[in-house]
Amino acid sequence: MMSDPVESARQAAASDRADEAVTLLETAGESGNAAALAELAVWYLRGDIVARDLAKARIMLRRAVTVGHVDAALMEIALAANGSGSEPDWPQALGLLRTAATTDPVAAEHLVLLDKMDLDHEGYPARPAAGERLSDQPFVERFPAALSPEECLHIATLTHGWLEPAVVVDPRTGRNIAHPIRTSDGTLVGPTQETLVVAALNRRLATLTGTRVEQGEPLSVLRYTPGQEYRLHLDALPGATNQRIVTAIAYLNDGFEGGETWFATNKLTVRPRPGDVLVFRNVLSNGKADQASQHAGLPVRRGTKWIATRWIRQNRYDPWSYREGA
């Protein structure tokens with residue numbers, strides 16, 4: 001019985017024989033082994049066994065998709081949309097999704113949701129949304145029903161299996177650590193995990209905040225159960241050279257009590273409403289942290305609260321080097 005080339009390659013890599021492992025996958029891939037091609041693509045994306053090479057990863061994914069690897073197809077769509085390994089290409093990503101949807105029910109579900117969105121040819125909202133100013137200092141704006149119920153459900157369904165105890169940035173080391181200030185469960189939607197629906201929503205948040213989509217960190221999804229909260233804090237990061245200038249919070253559900261977003265300076269309390277997006281600025285015109293933007297996610301008293309947060313940086317942000325606080 002022939003050995004599995006992917007498993008053999010993994011064993012070789014674990015024994016510090018990376019060159020041999022890559023050769024095993026390349027040879028299997030040349031014989032049309034889709035799993036081997038997809039595995040090698042993931043290695044080039046991760047950058048631990050071999051040096052990260054996003055362009056090579058895209059080549060491996062394309063070959064894997066050609067011979068029928070479903071998961072590789074969804075990953076290729078994500079990378080085409082966010083520009084990993086090349087320039088962002090929404091028309092290409094949408095075309096790949098339409099092709100995948102003919103045989104993959106998951107891709108078909110994504111396409112149905114996308115077709116309900118009013119998008120331009122680059123995946124941005126075709127029409128601007130109207131916001132309502134809640135505060136001038138700090139600057140806080142709310143966009144009612146900016147996400148549909150189906151879009152909110154898509155984010156929660158996509159990420160619920162990835163949730164882990166949330167962390168904060170240690171100001172001394174810049175590392176992510178557990179801390180009682182933040183007692184939720186959370187996860188990130190990384191560049192390989194972004195469905196085209198999420199990619200469109202990231203573009204929508206960029207439009208609402210008046211920023212470019214490439215300034216945004218990976219979408220952060222948080223779940224709060226009774227008693228969980230995010231105590232008073234600033235989203236601006238101490239000593240950051242590429243500062244978080246704007247925060248956008250999308251409230252994903254209702255059916256819970258508590259969990260309001262509360263600003264300490266002016267006692268503004270924002271009650272979460274499903275589909276609403278709350279936008280506030282974290283810095284002053286001189287680039288320094290705006291102390292008036294100090295806010296808290298108040299404790300949930302009953303039920304479960306879901307939110308999706310997009311922190312927007314001053315300049316372009318590389319999602320492949322993501323480390324909260326980097």
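General observations
- Per-residue extension of 0.36 nm, minus the Cα-Cα distance of Ala264 and Ala145, leaves a gain of 40.3 nm for this segment.
- Mean-square fluctuations from a GNM of the chain, with a 10 angstrom spring cutoff on Cα atoms, peak among Pro91, Pro149, Pro105 at Pro105.
- Label-point separation in nm, Ala108 to Thr241, each point 7 Å along Cα→Cβ: 5.0
- Cα-based reach from Lys267 at 27 Å (exclusive), listing lysines while leaving out same-chain residues under 8 positions away: Lys288, Lys305
- Our helix-only sum for the chain, with -39,500 (n - 2.57) per DSSP H run of n ≥ 4 divided by its residues, gives a mean residue ellipticity at 222 nm of -10500 deg cm²/dmol.
- Once the Cα atoms are used to define both axes, helix 34-46 deviates from the longest principal axis of the chain by about 50 degrees.
- Here the chain is treated with +1 on each Lys and Arg Cβ and -1 on each Asp and Glu Cβ, and its dipole about the Cα centre works out to around 1220 debye.
- Rounded to 10°, Cα long-axis angle of helix 105-115 versus longest principal axis of the chain: 40
- Karplus 3J(HN,Hα) series, Hz, for the stretch 279-285 with 6.51 cos²θ - 1.76 cosθ + 1.60 (x for Gly, Pro): 10, 9, 8, 9, 10, 8, 5
- For the stretch 47-133, with +1 on Lys and Arg beta carbons and -1 on Asp and Glu, the positive-most of Leu79, Ala126, Ala51 along the dipole: Ala51
- Charge context of Asp4, other residues only, Cβ under 14 angstrom, K/R +1, D/E -1: -1
- Per residue, the convex hull spanned by the Cα atoms of the chain measures out at 150 cubic angstrom.
- Candidates Ala72, Ala100, Ala13, ranked by Gaussian network fluctuation over the chain, Cα under 10 Å, top entry: Ala13
- About the Cα centre, charge dipole magnitude for the stretch 34-125 (Lys/Arg +1, Asp/Glu -1 at Cβ), debye: 360
- Ranked order, Glu194, Glu30 - accessible area, probe 1.4 Å, largest first: Glu30, Glu194
- Each residue was assigned an accessible area with a 1.4 Å probe, and for Trp320 the value is about 50 Å².
- Inter-probe distance in nm under a simple model that places probes 7 Å from Cα toward Cβ, at Arg17 and Leu163: 4.4
- Rolling a 1.4 Å probe over the protein chains gives Asp4 an accessible area of about 80 Å².
- Under 9 Å, Cβ to Cβ, from Gly303 - net charge with Lys/Arg +1 and Asp/Glu -1: +1
- Computed over the stretch 256-326, the convex hull of the alpha-carbon atoms projects to a mean area of 6.3 nm².
- Tilt relative to the chain, helix 90-100 - C-alpha long axis, 0 to 90 degrees, to 10: 60
- Candidates Ala289, Ala108, Ala12: whichever shows maximal mean-square fluctuation once the chain is modelled as a Gaussian network with Cα springs under 10 Å: Ala12
- Partner aspartates and glutamates for Lys116 [C-alpha distance under 13 Å; skip if fewer than 8 residues away on the same chain]: Glu150, Glu151
- Fraction of accessible area attributable to carbon and sulfur, the chain (%, probe 1.4 Å): 52
- Fully extending the segment from Lys288 to Asn315 would add 8.2 nm, taking 0.36 nm per residue of separation and subtracting the current Cα-Cα distance.
- With all protein chains kept in place, the per residue accessible area of the chain amounts to 47 square angstrom at a probe of 1.4 angstrom.
- Across the protein chains, with a 1.4 Å probe defining accessible surface, the residues Ser31, Ser293, Ser86 rank Ser31, Ser86, Ser293 from largest area downward.
The values are calculated or read from the model by the stated rules, or taken from the named source; none is laboratory data. Not measured: the values here are computed from a predicted model. When we count neighbours, we look across all protein chains shown, and the Cβ atoms used for this are built from the backbone with ideal geometry, even at glycine. In case anyone asks, the SASA skips ligands and DNA or RNA and just uses the protein heavy atoms, side chains included. Shrake-Rupley method; radii C 1.70, N 1.55, O 1.52, S 1.80 Å.
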